[in-house]
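Enquirer: For reference, the structure I am asking about is given below.
The values are calculated or read from the model by the stated rules, or taken from the named source; none is laboratory data. Every value quoted in this text rests on a predicted model; they were computed, and no experiment measured them. In this analysis, Cβ positions are derived from the backbone assuming ideal geometry, glycine residues included, and neighbour counts consider all displayed protein chains.
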Amino acid sequence: MAHDPYKIAERFRHFLRVTDVTDGLDAVGRNDMTLMSNKIRPLWFGMRFWGPAVTMQVVPTNRPMPFPLDPKDALRQHAIWAEMNGWRGDIMANIEPGCVVVTSTGGARECGYWGSSNSMEVQASGAHGIVTDGFCRDTDEVILQKTPVACAGIGRPIIPGRVELENVQTPVACGGVFVRPGDIIGCDWDGVVVVPLEVAEDVLVFAARIAVDDKKGRRKLYDRLGKTPDETVDWESAAEYFKDVL
């Protein structure tokens, strides 16, 4: 049966934490094999997104830029790299509203593939998040802008002469796990998880029940401690939303 990853991802966006879904993946026998490395972290607290993967395969280059540049080319480094066929694919042509861009970097050394401008560009085109096992730069601005980037580290150098875009919308390895276009990607402060599309509906059933039960139990503890209830313990709304699978 065909699965619409965008419709399924919409269900994951409501009330579910990465930990709920991780437990759901355990329940369907995908223990640990879909957890990205815990080195891949959201850049700012409160970041949360779910969406189907749009994938990028980025690889280390073995070609140098034609340095030193003429001063008139100081602002043309990316254009020069494009002329050298450093980009063999168009990620922007594959962005759909609600997707998550997953960038595999093939173990490339420090390079800020994502930065304050291009990450905001894909967000403006509809992407709900960016995940990379490489680096992000301009991170002061990325955090200030609340651009949803999860990465393995902070980098400084630009792309030309360091990495090449080999392909888009092909299966990749990112953060130690297999990611295909359309697999559901989730991120919050606990890290990044991949839900293979073929088990996503089953995972949703388990995760929804786990989430509602957790919220209900913590609401009781809030009451015992005299804490004011917040959205994280609103089990009634979660139960209503997931009533078709509970």
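Enquirer: Determine whether MET92 is buried (at least 16 other Cβ atoms within 10 Å of the Cβ) and either modelled with pLDDT of 95 or more or touching a Gly at 6+ places or on another chain (Cβ under 6 Å) (or both).
Expert: no
Enquirer: Is one or more of the residues making up the range 175-197 assigned to a helix (DSSP H, G or I), in contact with a helix residue (DSSP H, G or I) (Cβ under 7 Å, 6 or more places away or on another chain) and over 22 Å from ASN31 (Cβ atoms)?
Expert: No, the conditions are met nowhere in the range 175-197.
Enquirer: Scan the range 46-72 for residues that are among the charged types (D, E, K, R) and loosely packed, with under 14 Cβ neighbours inside 10 Å and jot them down.
Expert: The answer is ARG63, ASP70, LYS72.
Enquirer: I've got another one for you. Need pairs with beta-carbon distance below 6 Å; first residue assigned by TED's automatic domain parsing to the domain that holds ARG63 and within the range 83-108, second assigned to a loop (DSSP other than H, G, I, E, B) and of a type in the set (A, V, I, L, M, F, W, C); sequence gap 6+ or separate chains.
Expert: Hits for this filter: ILE95/ALA127; CYS99/ALA127; VAL101/ALA127.
Enquirer: Looking at the range 68-89 only, could you name the residues that are among the hydrophobic types (A, V, I, L, M, F, W, C) and at pLDDT below 95?
Expert: LEU69, ALA74, LEU75
Enquirer: Quick one: is ARG180 in contact with a strand residue (DSSP E or B) (Cβ under 9 Å, 6 or more places away or on another chain), surrounded by fewer than 20 Cβ atoms within 10 Å (Cβ to Cβ) and free of Cβ contacts under 8 Å to residues at least 60 places away in the same chain?
Expert: No.
Enquirer: Could you tell me which residue of the range 221-243 is farthest from VAL21 (Cα to Cα), considering only residues that are loosely packed, with under 12 Cβ neighbours inside 10 Å and basic (Lys, Arg)?
Expert: Out of the qualifying residues, it is ARG224.
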